[in-house]
């Protein structure tokens, strides 16, 4: 594949192969300009990147607190996914995480499959883009490297409204028709707020620590981008932020989760997973989204981002209009309060919110 080399970002070799083209750190678009271009329809969000910066010391303290409070739960949920995936009959598995929120999950689950369940698990991280689909060149690469279609397992961190889960399903269906394959498009996640995943460890809106950082917890890799010079066989692109190495937590974070999960498995105290009520999660999501659009006068569903993970993404890389919190004193949203303060974003309290947090993106028509 043109412009691609087997690289693992800041992870150790063997932890992940990013099937992404490394692009130069140039041509960035600032957040406000990007938002105007997206909402006017002049450019698709996947065609632009805004520059990232290293998180502040204050923010990193919040990340450390989030890890202390939630890593055990995240490790437990990674272990649950690994056990479910290990039940597949094929010995050699190709874990395909969706870059980049899915990347830390894929690193951990792949290691658990190898170290705990004795499975041959290879981990790739690939791009998927709303309205554009999964990176078909990356899927062809995986199949060309000896993986059977039914060995592929897709992983992500969470669902918000279920947009990416549906995008995955529709684009993999197109891929299967075009290539005569039978890849299962089902998405495996830690938390399925939308009731849209094929497999989930939970439907709860809890603080997944990796959701509150960008590149420095995802192998120093940027959000993926479809550069304008892409050819048919090119992978989607990314920027590699080597200059953030001193602040990088990617490998340390994954190692800690693996250690916690292995200890939990060895202690034989892993509680039985309660059945996931995807239908209830789906109903909750649809009801809230509709009510929020009416309440806040939002015409575009893409401007409503429910759940901690999605709310955080808005504050980190979009132009936020409002942050809604169920309990402003909850530790799960401490980082959102800091980001809202730093970016001077209004915060509304709604004790009846079905999630810990929701962010609204500012509409271009708001000026």
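Quick notes
- Being in a helix (DSSP H, G or I), out of contact with any helix residue (DSSP H, G or I) (no Cβ under 9 Å at 6 or more places or on another chain) and more than 25 Å from residue 50 (Cα to Cα) is a description that does not apply to residue 256.
- Count of residues meeting criterion [surrounded by 16 or more Cβ atoms within 10 Å (Cβ to Cβ) and touching a strand residue (DSSP E or B) at 6+ places or on another chain (Cβ under 8 Å)] in region 317-331: 9
- Test: residue in region 342-352 that is crowded, with 18+ Cβ neighbours inside 10 Å and modelled with pLDDT under 95: no
The values are calculated or read from the model by the stated rules, or taken from the named source; none is laboratory data. These numbers were taken from a predicted model, which means no experiment stands behind them. Neighbour counts are summed over all protein chains in view; Cβ atoms, including those assigned to glycine, are modelled from backbone coordinates with ideal geometry.
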